[in-house]
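S.K.: Pasting in a structure now, in structure tokens, and then I'll have a few things to ask.
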Amino acid sequence: MAIATKIPLVNVECLNSLTKALISSAKPDQPLTISNVAIEAWYDANTVAVQQCARSIREAFRTMGFMYIENHGIPQELQDQLDASSRKFFKLPLEEKMRIRMSRGGLAWRGFFPVGGELTSGKPDIKEGLYCGQERSAQDPRVKARTPLFGSNLFPEKPAALAQAVLDYMKYCEAVGQGLLIMVAISVGLHPTYFIESSCADPTCLFRVFHYPPPATLKDPKLRDRSLWGVGEHTDYGLLTLLKQDNVGGLEVKRLDGQWVAAPPIPNTLVVNIGDMMESMSGGLFMSTPHRVLNRGGPDAMRLSFPFFFDPGFHAHVPPLPLTKKQQDDARETVAMRAMLLQQRWDLTGVTVAIKPDETYGDYLLRKVGKVFPELAKSTSATTPPTKSEQSKL
């Protein structure tokens, strides 16, 4: 297997009709769905383009673990609204943003965290952010059962447009994520609905908006340490990450040979990478690649990023993919090459033992997220989200 030297660009225009169909199916408290009949009709109408796209995705995930996608179908106007309203939010005074701090989000783990509030490999990241997820009402059975990560979002009163922009953008990302998993299934010879009828029938979708302030502007001298990163070297936990970048950039990806390669912003694209769970399910055929973020924020360059995480259902089990012998051999080749070139993974553990056989994805995810927010994880009985009137009194 050749070592990829740059991040490939994949045209996913053939997914647009699926994305539109999924968006039109949206219902409160429910995942986006589409019938097998509709998927088969889509495949029959786009067979050549779909097969070509699936091959490109497989090659990208096997050799780099990252790709850019273009023609993804997310409206530019919506992206612009999300960007503009997010910038307005992060320009608010800290005390204003802290009104929706994550500790107020209860078990849903939603809301704002300040600079240094999130850890990567035990070190504080030089970023602040807003954690969001699928909107689940108080009547949702999982909310009633006090299931972690389920509940309502904590959105600020100002800017008023941010909440709807986030929710609309998440719907599109969920639809694109479903389409990409259909492509991944096709790429390894599985039925197109393999993921969306099993581990991802009710996916866990999480969304973040991150702001990277210039270190020199921070009051805490410990956070002005230039050895700290916007986000330190890490891999993602789940299946797929869809990243919208602004025009500042700073993302770097670690190649198989250990060299770092920049992933600069390309207009009208998303960066897509796979996470540890996809690597584990594929036996190493697909790579969960270490990456990091340089903090390039400055007085005239306010850097934001918008990662969306598409993962298995909270209560789902995630068995290995039923790969062919040839695919298993390819996976072993990939794992062996990584071991030879990198000696060992950046985190010294590997992903083959990331989830125990009797665990659900939710068990695994809570253990992982607890390392990012250790103080928040100490209590699973945090207060319920404040009402808007309560927020105004904080």
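S.K.: Between their Cα atoms, which of Lys97/Lys127; Lys97/Lys368; Lys123/Lys368 are more than 18 Å away from each other?
M.R.: Lys97/Lys368
S.K.: To one decimal place, what Kirkwood hydrodynamic radius in Å is obtained for the range 143-199 from all pairs of distinct Cα atoms?
M.R.: After inverting the pairwise mean of 1/r, the radius is 14.0 Å.
S.K.: What list of ³J(HN,Hα) couplings, whole Hz, do you get for the range 22-28 from phi and the Karplus terms 6.51, -1.76, 1.60, once you set θ to phi - 60° and write x for glycine and proline?
M.R.: With the stated coefficients, the range 22-28 comes to 5, 4, 5, 8, 4, 9, x Hz.
S.K.: Right, here's the next one. Enumerate the calculated ³J(HN,Hα) couplings along the range 124-139 in order (Karplus 6.51 cos²θ - 1.76 cosθ + 1.60, θ = phi - 60°), each rounded to whole Hz, writing x wherever the residue is Gly or Pro.
M.R.: Values, residue by residue: x, 7, 8, 7, 10, x, 10, 8, 9, x, 4, 6, 10, 6, 5, 8 Hz.
S.K.: In addition: In debye, nearest 20: dipole of the range 9-393 around its Cα centre with unit charges on the Cβ of K, R (+) and D, E (-)?
M.R.: The dipole magnitude comes to about 1080 debye.
S.K.: Run the reach check for Lys20 against aspartates and glutamates, Cα to Cα strictly under 15 Å, same-chain hits fewer than 8 apart removed. What comes back?
M.R.: In chain and number order, the partners are Asp168, Glu174.
S.K.: In whole angstrom, how far apart do the alpha carbon centroids of the range 258-337 and the range 172-217 sit?
M.R.: Here the answer is 11 Å between Cα centres.
S.K.: Assuming a ≥ b ≥ c are the square roots of the Cα gyration tensor eigenvalues, decide whether the range 98-190 counts as rounded (a/c under 1.5), prolate (otherwise, with a/b larger than b/c) or oblate.
M.R.: Note, shape of the range 98-190 comes out prolate.
S.K.: Measure off 7 Å from each Cα along the Cα-to-Cβ vector at Val48 and Arg146, then give the distance between these two points in nanometres to one decimal.
M.R.: Result: 5.9 nm between the two label points.
S.K.: Still on this structure: Roughly speaking, what is the stretch gain from Glu197 to Asp329, that is 0.36 nm per residue apart minus the C-alpha to C-alpha distance, in nm to one decimal?
M.R.: So the extension gain works out to 44.9 nm.
S.K.: Taking neighbour counts of Cβ atoms within 10 Å as a proxy for exposure, in what order, fewest first, do Asp257, Asp168, Asp358, Asp236 appear?
M.R.: With the sparsest Cβ surroundings first, the list reads Asp358, Asp257, Asp168, Asp236.
S.K.: Report the Cα centroid-to-centroid distance between the range 25-66 and the range 83-145 in angstrom, as an integer.
M.R.: Here the answer is 31 Å between Cα centres.
S.K.: So what J values fall out for the range 186-195 if you push phi through Karplus, 6.51 cos²θ - 1.76 cosθ + 1.60 with θ = phi - 60°, rounded to Hz, Gly and Pro as x?
M.R.: 4, 5, 10, x, 8, 4, x, 8, 3, 6
S.K.: Using a 7 Å offset from Cα along Cα-Cβ at Trp260, what residues in the range 288-331 end up with backbone N under 16 Å from the label point?
M.R.: Answer for this model: 289-297.
S.K.: 5 Å is the cut-off here: which amide hydrogens, built 1.01 Å from N in the peptide plane, fall below it relative to Gly105, excluding neighbours closer than 5 in sequence?
M.R.: Those lying under 5 Å, H to H, from Gly105 are Arg110.
No lab work stands behind these numbers, since they all come straight from the coordinates. No experiment lies behind these values; they were computed from the predicted model shown. Neighbour counts are summed over all protein chains in view; Cβ atoms, including those assigned to glycine, are modelled from backbone coordinates with ideal geometry.
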